[in-house]
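These notes concern the structure reproduced below.
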Amino acid sequence: MQSGNGVEAESVAAATDMRGKHWISAELKRLDQETRFLEEELEQLEKMDNASSSCKEMLTNVRTRPDPLLPLTLGPMNPIWDRWFEGPQNSSGCRCPIL
């Protein structure tokens, strides 16, 4: 009986060892893949300009060019238009009937 248990223990150990080798191999492949990905990302970062210089360039462009959607006026184009936003003009208040 001792010899039968010894052979059985060796086969279990061999199966466990194979799973261990497979796990280690898979982990190494994952680490290699992650290393390659990080190296590629570093290469891309080295090729890029500094963010501060890009931001400075963008700020100068934004500050020197007027916004095409905003009109270039110093005051209201129609002074009557502002009366709707100023509130009541006289001290008696609003004369709108509240229904």
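Name the single residue that is modelled with the lowest pLDDT among those in segment 41-92 being among the β-branched types (Val, Ile, Thr) and assigned to a helix (DSSP H, G or I). In this case the residue turns out to be Val62. Here Thr16 meets each of (1) at pLDDT below 70; (2) in a loop (DSSP other than H, G, I, E, B) with one exception, condition (2).
The values are calculated or read from the model by the stated rules, or taken from the named source; none is laboratory data. Keep in mind the model is a prediction, meaning the values are calculated, not measured.
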